[in-house]
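The values are calculated or read from the model by the stated rules, or taken from the named source; none is laboratory data. Treat the numbers as computed from the prediction; the structure is a model and nothing was measured. Cβ sites come from the backbone with ideal geometry, for glycine too, and all protein chains shown count toward neighbours.
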Amino acid sequence: MRCPFCGSQETQVKDSRPAEDGAAIRRRRVCPDCNGRFTTFERVQLRDLTVVKRSGRRVPFDRDKLARSVEVALRKRAVEAERVERMISGIVRQLESSGDGEVSSEEIGRHVMEALRGIDDVAYVRFASVYRDFREAGDFEALIRELAAPPLAGRVPGEAD
């Protein structure tokens, strides 16, 4: 593993332990050249996924990009990092075990919205505003009315039946 501080190829594992309820291994590493310390995670990957964008373009699935978008929605919200990591791992597992190597960006967005709705209402609204491309205040009002109503099983609020 390359050192993120000095670029050295020779880093040493100092500690390994299970993470994410056993779904990953957390490794603490140290670089013998610069003494930099950092953490890496090792996860099982069932298959390579390709994301089909709305434009039709295909790009490799990037777990880190998913995590960043969730982190933006949850910024300054009191949600434990471990809970967020479990949510992201759950979404990735659902996508990988769907049976298809291609997944639409809309499907990923639906999974994220469903998960965020159960974690934090404000993050749910933030994510929805980007995912659904809100243009005016009325879009927020409609979503908040939907949020106040109980969820219907198997669908994300606001989607056509």
*Would it be correct to say that residue 131 is crowded, with 18+ Cβ neighbours inside 10 Å, modelled with pLDDT under 90, farther than 20 Å from residue 19 by Cβ and not acidic (Asp, Glu)?*
yes
*asked:* Taking the criterion of being within 23 Å of residue 103 (Cβ to Cβ), crowded, with 16+ Cβ neighbours inside 10 Å and of a type in the set (Gly, Ala, Ser), would at least one residue in region 72-85 satisfy it?
replied: yes
*Which numbered condition residue 41 fails, given (1) free of Cβ contacts under 8 Å to residues at least 24 places away in the same chain; (2) part of a helix (DSSP H, G or I); (3) hydrophobic (A, V, I, L, M, F, W, C)*: (2)
*asked:* With the requirement that a residue be over 14 Å from the mean Cα position of the chain (by Cα) and of a type in the set (A, V, I, L, M, F, W, C), what does region 114-141 give you?
replied: 122, 125, 128, 130, 134, 137, 140
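What number of residues in region 1-38 are among the hydrophobic types (A, V, I, L, M, F, W, C) and either within 25 Å of the chain's Cα centre (by Cα) or in a helix (DSSP H, G or I) (or both)? First the steps, then the outcome.
Taking region 1-38 and keeping what is among the hydrophobic types (A, V, I, L, M, F, W, C), we get 1, 3, 5-6, 13, 19, 23-25, 30-31, 34, 38.
Now drop any that are not either within 25 Å of the chain's Cα centre (by Cα) or in a helix (DSSP H, G or I) (or both), which leaves 1, 3, 19, 23-25, 38.
Final tally of qualifying residues: 7.
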*Quick one: in region 52-71, which of the residues that are over 14 Å from the mean Cα position of the chain (by Cα) and among the hydrophobic types (A, V, I, L, M, F, W, C) is surrounded by the most Cβ atoms within 10 Å (Cβ to Cβ)?*
52
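Can residue 10 be described as of a type outside the set (Lys, Arg) and exposed (fewer than 14 other Cβ atoms within 10 Å of the Cβ)? Break it down stepwise before answering.
Working: of a type outside the set (Lys, Arg): yes; exposed (fewer than 14 other Cβ atoms within 10 Å of the Cβ): yes.
Spelling it out, residue 10 is indeed of a type outside the set (Lys, Arg) and exposed (fewer than 14 other Cβ atoms within 10 Å of the Cβ).
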*Only residues that are over 17 Å from residue 68 (Cα atoms) and buried (at least 18 other Cβ atoms within 10 Å of the Cβ): list them for region 116-128, please.*
117
